[in-house]
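Chemist: Following this message is one structure expressed as structure tokens.
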Amino acid sequence: MALCLSTLLTGCPDKQSATLADGGVAEAPQDAGPAAPPPAAFTVRYQLNDGGMEAIPLAVDERPTIESTSMVELRSSIGLRNYRIRLFDEAERAMVSDDSAEESPSGVTYRIALPTPLKSGHKYTVVLDAQTGSSMTDALGREVEDLRFEFQVAGEKEKDAPPPPPKKKKKGR
């Protein structure tokens, strides 16, 4: 009984009496500064027959279908470092193209100009990866993962041109 009575009189040791803060100036919370920009985002577009540009929908489970084109463009939402962008055919061969890049801290616009339009029915892949080493970074130094954007050109599959016949050797005299 004496133990219970002493506990009641002294109160619970875990609870401390609330003390009022003095009426002085309240401290302002630390300013975290501007929020970091979101990670790099990418869009892939292609040139329509009328000269306009159309976005290629980026779907995880399916390969989007586009009209035949001779211009493909990739845009990033932030500047990139140590990157390369290439267009591959369905046999994983790099396509011959005349490429141009416009780079700024606010992003990269990379245009792939092809000498002939992409073939109907064929599959293509735009690949963004590191130029050297194992990784590329954005303008803030954050690593950016390699990306592959796959698409197919609408229409019946166009046959590849047959290889030229072998040249006949001239007989020596």
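Chemist: Take every Cα-Cα pair in region 42-153 and report what % of them are more than 18 Å apart.
Modeler: Value for region 42-153 (Cα pairs over 18 Å): 48 percent.
Chemist: Taking the Cα centre as origin and putting +1 on Lys and Arg beta-carbons and -1 on Asp and Glu beta-carbons, what dipole magnitude results for region 42-153, to the nearest 20 debye? Don't skip to the answer; put the middle values down first.
Modeler: On the way: 12 positive and 19 negative charges, 28 e Å.
Dipole magnitude for region 42-153 comes out near 140 debye.
Chemist: While we're here: Would you tally the net charge around N82, using a Cβ to Cβ cut-off of less than 14 Å, leaving N82 out, and scoring K and R as +1, D and E as -1? Intermediate values should be presented prior to the final figure.
Modeler: Values: positive: R81, R84, R142; negative: E103, D129, D138, E143, E145, D146.
Every neighbour counted, the sum reads -3.
Chemist: Related question: Gain in length, D99 to T132, computed as 0.36 nm per residue apart minus the alpha-carbon separation, to one decimal in nm?
Modeler: Gain on extension, D99 to T132, equals 10.0 nm.
Chemist: Antiparallel versus total DSSP beta bridges in region 42-153: what percent is that, nearest 5?
Modeler: Approximately 95 percent, going by the DSSP bridge assignments.
Since every read-out is calculated from the coordinates, none of them should be taken as a lab result. Since this is a predicted model, take the numbers as computed values, not measurements. Neighbour counts run over all protein chains shown; Cβ positions are idealised from the backbone, glycine included.
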